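K.L.:
To start, I am sharing the structure in question, which I have written as structure tokens.
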Amino acid sequence: MRPDELCGLLAEPDRLAVFAAVVLGAGTVAEVAAATGRPVREVAVALRRLTDGGLVSQGGDGTLVADQAAFKEAVRAAAPAPAPAPASELDPDPARAAVLRVFIKDGRLVQLPAARGKRRVVLQHIAASFEPGVKYPERTVDAVLRAWHPDHATLRRYLVDEELMAREGGRYWRIGGPV
């Protein structure tokens, strides 16, 4: 049952009083009328509406039974779906992803971390832009790094210093970082 249906069933004072009486143990029309102080005719009309709506039913022995679980069902029906994980999560490790979210915005490095540990996480992420075992000319490396940050020379130097890339004769290749 949807919340709006549930609220609609209980929106009228007569139906609300009748439902409350059934919840509190009134098992017959006469008992409900006595508990609410309403005429039997009004009680019968309210019970018919509550029964049609699924909030009240008759038990095996003919007594009136309130469906109190309807409230939980209505809340579950109205609950928003759990938020999906971001499609562009930067790293499966939550700690590393938190560091990357701080320093990488819209696929660009906004600032190079001063702390070595955080800088290493960012550099490993950037190093993944290069295929292991492929040798790249300096121009290609600079073009890739420029897409990350305007200071491509500093990035290139840090990648070599952190032993994520190696260089020889103007050619660079990836030697570290996650695969």
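K.L.:
Could you list, in sequence order, the residues of the range 103-128 that are loosely packed, with under 13 Cβ neighbours inside 10 Å and at negative phi?
P.N.:
Keep residues of the range 103-128 that are loosely packed, with under 13 Cβ neighbours inside 10 Å, which gives 105-108, 110-111, 114-117.
Selection gives 105, 108, 110, 111, 114, 115, 116, 117.
K.L.:
Taking the stated definitions as given, is residue 91 in contact with a His (Cβ under 8 Å, 6 or more places away or on another chain), charged (D, E, K, R) and at pLDDT below 95? Break it down stepwise before answering.
P.N.:
On the way: in contact with a His (Cβ under 8 Å, 6 or more places away or on another chain): yes; charged (D, E, K, R): yes; at pLDDT below 95: yes.
Answer is yes for this residue.
K.L.:
Could you look through the range 129-153, keep only residues that are in contact with a helix residue (DSSP H, G or I) (Cβ under 9 Å, 6 or more places away or on another chain) and of a type in the set (Ser, Thr, Tyr), and pick out the one that is surrounded by the fewest Cβ atoms within 10 Å (Cβ to Cβ)? Walk me through how you get there before you give the answer.
P.N.:
Our first condition is that a residue be in contact with a helix residue (DSSP H, G or I) (Cβ under 9 Å, 6 or more places away or on another chain); within the range 129-153, this holds for 129-130, 136, 138, 141-146, 148-149, 151-153.
Next, only the ones that are of a type in the set (Ser, Thr, Tyr) stay: 129, 136.
Numbers: 129: 13, 136: 19.
Per the stated criteria, the residue is 129.
K.L.:
Which of the residues spanning the range 94-152 are more than 17 Å from residue 167 (Cβ to Cβ) and in a loop (DSSP other than H, G, I, E, B)?
P.N.:
106, 107, 110, 111, 112, 113, 114, 115, 128, 149, 150, 151
K.L.:
Taking the residues in the range 94-119 that are of a type in the set (Val, Ile, Thr) and either modelled with pLDDT under 90 or within 21 Å of the chain's Cα centre (by Cα) (or both) as candidates, determine which candidate is farthest from residue 149 (Cα to Cα).
P.N.:
Filtering the range 94-119 down to residues of a type in the set (Val, Ile, Thr) leaves 99, 102, 104, 110.
Remaining after also requiring either modelled with pLDDT under 90 or within 21 Å of the chain's Cα centre (by Cα) (or both): 99, 102.
Values: 99: 17, 102: 15 Å.
Restricting to residues being of a type in the set (Val, Ile, Thr) and either modelled with pLDDT under 90 or within 21 Å of the chain's Cα centre (by Cα) (or both), the top hit is 99.
K.L.:
Further question: Could you count how many residues in the range 49-62 are loosely packed, with under 12 Cβ neighbours inside 10 Å and either in a helix (DSSP H, G or I) or not assigned by TED's automatic domain parsing to the domain that holds residue 9 (or both)?
P.N.:
Narrowing the range 49-62 to residues loosely packed, with under 12 Cβ neighbours inside 10 Å: 52, 59-62.
If we keep only those that are either in a helix (DSSP H, G or I) or not assigned by TED's automatic domain parsing to the domain that holds residue 9 (or both) too, we end up with 52.
Total meeting the criteria: 1.
The values are calculated or read from the model by the stated rules, or taken from the named source; none is laboratory data. Owing to the predicted nature of the structure, the values given are computational and were not obtained by experimental measurement. Cβ sites come from the backbone with ideal geometry, for glycine too, and all protein chains shown count toward neighbours.
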